[in-house]
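Comments concern the structure below.
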Amino acid sequence: MSVTVKRAFNGLTTEITINHQLRDLIPEVGLDQLLHLYVKKALEAAKRQYGCFKYYLFCEASFKKNVDSENQKVAFYTKTSVCYQNHSVNSILQQSRTKVLCSLDEFESKAAYKTPKTNRTAPGFYRRFIDRFDMNGIQVPVKLEDIPKFEHQNSVNVSVFSYNENGAPTFITPLQPSSYNFNKTVNLLLIHDGLKSHFLLIKSLPTLLRLLTKHNKTRHTCDRCYRVFDSILVFMKHCNYCKTGEPTITMPDESKLKFKNFHRKLENPVTIYADFEAFQASVTETISEKTKLICEQKPTGFAYMVVSPFPQLCKPVKVYRGSDASDVFVDMLLSECYDAEKILKTVKPMIFTPADDLSFREATICHICEEPLDWGTAGEVCRDHCHVTGISISVLL
């Protein structure tokens with residue numbers, strides 16, 4: 001492993017190159033090692049020195065088509081982003097990891113790296129795999145009930161699907177899902193020909209199921225729960241939770257949840273119901289490269305009504321038609337607000353009868369929050385009344 005640091009513009013730009021060979025590793029595992037061992041330290045040092053900085057991650061990987069062929073270099077990189085003081089380094093690493101893995105997944109899905117044609121029916125083709133797997137106690141050909149043992153001995157998830165073409169439509173269903181949680185997953189399709197059966201490797205489960213979006217892009221399927229996702233970012237986020245089995249909902253620290261918005265239990269003094277009428281006018285306007293405006297809603301009229309539990313605030317339905325309906329509606333709405341404000345600002349004195357006094361002394365809970373009243377604390381309990389009518393309501397805590 002070698003590390004090269006280059007600086008330019010008096011140290012304002014720094015390029016860190018890490019040349020480290022990670023052989024026979026799953027891409028997710030190798031990328032995590034690089035991010036947490038080297039990249040995390042570099043970002044933390046930059047945050048301490050500059051506070052705010054720009055960064056991007058550039059990864060170059062080497063692939064081989066076969067054992068004897070030359071290496072093929074493929075680059076994966078992230079976009080330039082800004083890291084502020086309130087940003088977490090772990091979240092930055094997670095975003096970079098997700099972007100690189102998405103690029104790697106896209107690279108594999110487009111079949112940019114293809115193996116040469118070989119005779120897979122020849123026994124010599126499988127000789128290189130003999131020493132890679134632990135087949136102790138497993139008979140060949142492998143039976144379906146021996147697959148869990150193979151998974152345990154080789155630390156790989158193997159899920160088997162069945163193929164049923166009797167009648168229409170054709171069904172591909174999970175026959176034996178894997179019960180392990182290893183990093184590597186292999187999907188197999190079990191086909192039958194009379195008394196004979198054979199396992200086929202499923203290179204891409206979404207391609208086999210023909211899961212395409214409305215834009216003919218490949219959808220993504222979880223290998224554990226078989227949920228389908230259109231977005232690769234949502235799919236990667238789901239896989240992290242699905243592998244660990246942790247719930248996606250963050251529960252509150254308190255053991256009990258209580259209703260706190262007591263003001264929403266009170267009836268609104270004034271409510272305005274309004275409705276607009278409009279027609280579609282054809283227009284031609286280009287907003288962006290992928291967005292064009294072809295029609296526009298133009299208001300032609302409106303109607304509204306003021307509703308209130310107090311008769312002096314209620315008003316009948318008002319209707320208006322005209323090309324300036326939107327401007328007139330705003331003016332009339334402001335006028336209604338001014339009229340209601342004049343009435344609501346005037347607080348009438350409380351009308352407190354002997355019956356109200358008796359009800360007040362016998363009260364045990366607050367009529368809004370329903371909490372028990374503390375009569376022993378001075379100033380804790382007070383009378384509540386309507387400011388518009390002056391009628392006593394109940395006891396307020």
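Extension gain, D32 to A274, is 81.5 nm, computed as 0.36 nm per intervening residue step minus the present C-alpha separation.
For a Förster distance of 35 Å, can you work out the FRET efficiency between the beta-carbons of H263 and E289, rounded to the nearest 0.05?
Efficiency for this residue pair is about 0.15.
Assuming charge only on the beta carbon of Lys and Arg (+1) and of Asp and Glu (-1), the dipole of region 217-320 about its Cα centre is about 320 debye to the nearest 20.
Dividing the mean sequence gap of close Cα pairs (under 8 Å, 6+ apart) by how many residues region 230-319 holds gives a relative contact order of 22 percent.
Full extension of the chain between T364 and T80 yields a length gain of 95.9 nm, computed as 0.36 nm times the residue separation minus the alpha carbon distance. FRET efficiency for the pair E371 and N71, taken as 1/(1 + (r/R0)^6) with r the Cβ-Cβ distance and R0 = 56 Å, rounds to 0.15. For A42 paired with F171, estimate the spin-label separation in nm (one decimal), with each label point 7 Å from Cα along the Cα-to-Cβ line. The two pseudo-label positions are separated by 5.2 nm. Kirkwood hydrodynamic radius computed over region 277-397 comes to 19.4 Å, based on all pairs of distinct alpha carbons.
Computed packing ranks the peptides 317-330, 175-188 as 175-188, 317-330, most packed first, by mean other Cβ atoms within 10 Å.
Of the trypsin sites (Lys or Arg not before Pro) found in region 249-294, the ones in coil according to DSSP and having at most 16 other Cβ atoms within 10 Å of their Cβ are K256, K258, K260, K290. Treating each Cα of region 220-316 as an identical point scatterer and summing with the Debye formula, the log10 of I(q)/I(0) at q = 0.13, 0.15, 0.16 Å⁻¹ comes to -0.90, -0.85, -0.85. Ordering 364-370, 202-208, 345-351 by mean Cβ neighbour count within 10 Å, with the highest value first, yields 202-208, 364-370, 345-351.
Among the listed pairs K99/K237; K54/K79; K143/K196; K73/K237; K149/K196, a Cα-Cα separation exceeding 19 Å is found for K73/K237; K149/K196.
Read-outs throughout are calculated quantities, based only on the coordinates presented, and are distinct from any laboratory measurement. As the structure is a computational prediction, the values presented were derived from the model and not from experiment. Glycine also receives a Cβ, built like all others from the backbone with ideal geometry; neighbour counts cover every protein chain displayed.
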